[in-house]
Number of protein chains: 2
Amino acid sequence: MNIGDVSKRAGLPAKTIRYYEDIGLITPARDTNGYRSFCDSDVHKLTFLGRARTLGFTIENCRDLLALWDNQDRASADVRAIAQQHLAQIESKIADLQDIRHTLTHLVHECAGDDRPDCPILQRLEEL
Amino acid sequence: MNIGDVSKRAGLPAKTIRYYEDIGLITPARDTNGYRSFCDSDVHKLTFLGRARTLGFTIENCRDLLALWDNQDRASADVRAIAQQHLAQIESKIADLQDIRHTLTHLVHECAGDDRPDCPILQRLEEL
DNA sequence: CTTGACCCTCCAGTGACTGGAAGTCCTATC
DNA sequence: GATAGGACTTCCAGTCACTGGAGGGTCAAG
């Protein structure tokens, strides 16, 4: 299977797939003409990667998850640890953004938003 | 005032301050020895920038906000528009992350997290 | 006169791609 | 057989907002 088909099947841009090969996440075979020749397992891995990335796992997380996925002797605790740590990061990021949202909402509400120059947003950015 | 003092006062790393000069956000004077010589207005601007960046405004937003801040004839509506647009982006990012959190929480709860290989997290990343 | 803290510039790297140039290969049509 | 187009290849550069480090100049204290 060529990269274009795989791209459609896995839902990843061809560029991204080449990049994943570059950094060693996949190692597709090559045809005599130099074209990458993907097998089902490659497509499977790429789909897996796409899902994991959608959930915000870093590439290094993905590398670890793929290794565990490949390893039949894995302990599910190892997978869970990665997911749990990632979850904690997501939660802290949400909290940060919620703080920011709070402040911004406040500022936007306070500002008249007309053609006069007086603006509490700018004032608060000075004083905050 | 030298960059070290400004760094403390504005709460920004010296590296960042040099970078902000590089990209034209500030233009501090120079002493005869080549050292940057910051005036109060520079420090004021840098503090403003620090605040805006903390709230997640992009550098280009900051550039616009600084210009409005400098411009006594500004309309507060222009400032508000920038803040409002940014707020919308923050809110959409929060929503995305909350979706991810939802899924991840689910997965983590389902996984036994013991020394057996069976792992619903990996399964779901295949199927999802 | 030396030590150590501070300052300077310039280059490279981060993460995870993405865009584009320049060239090869395959397939279909005339 | 020529040609047009699309798909594929590699390689280089750019994104965003810094950050780290090398290699060197400057300054104040002892």
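At a glance:
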quantity	calculated
Protection proxy ranking of A:117-125, B:54-62, B:11-19 - average other beta-carbon atoms within 10 Å, highest first	A:117-125, B:54-62, B:11-19
Interface burial for A against B (accessible surface, 1.4 Å probe, total of both chains, Å², rounded to 100)	4400
Residues with amide H under 5 Å from that of B:Gly113, placed H, sequence gap 5 or more	A:Ala77
Per-q log10 I(q)/I(0), the protein assembly as shown, q = 0.07, 0.10, 0.15 Å⁻¹ (Debye; single scatterer per alpha-carbon; no solvent)	-0.42, -0.74, -1.01
Listed residues B:Arg36, B:Arg53, B:Arg101, most fluctuating in chain B (Gaussian network, C-alpha, under 10 Å)	B:Arg101
Kirkwood Rh in Å, taken over all unlike Cα pairs in chain B	18.3
Peptide A:83-91, shielding by other chains (average Cβ, 10 Å cutoff)	5
Net charge of Cβ neighbours under 11 Å - reference B:Arg124; Lys, Arg +1; Asp, Glu -1	-2
Cα point-scatterer Debye curve for the stretch A:1-57, base-10 log of I(q)/I(0) at q = 0.14, 0.28, 0.30 Å⁻¹	-0.32, -1.27, -1.43
Spatial separation of Cα centroids for the stretch A:1-68 and the stretch B:86-125, in angstrom	21
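The values are calculated or read from the model by the stated rules, or taken from the named source; none is laboratory data. For clarity, every value in this text was computed on a predicted model and none was experimentally measured. Every residue, glycine among them, receives a Cβ derived from its backbone with ideal geometry; neighbour counts consider all protein chains shown. These accessible areas exclude ligands, DNA and RNA; they are computed on the full protein's heavy atoms, side chains included. Shrake-Rupley method; radii C 1.70, N 1.55, O 1.52, S 1.80 Å.
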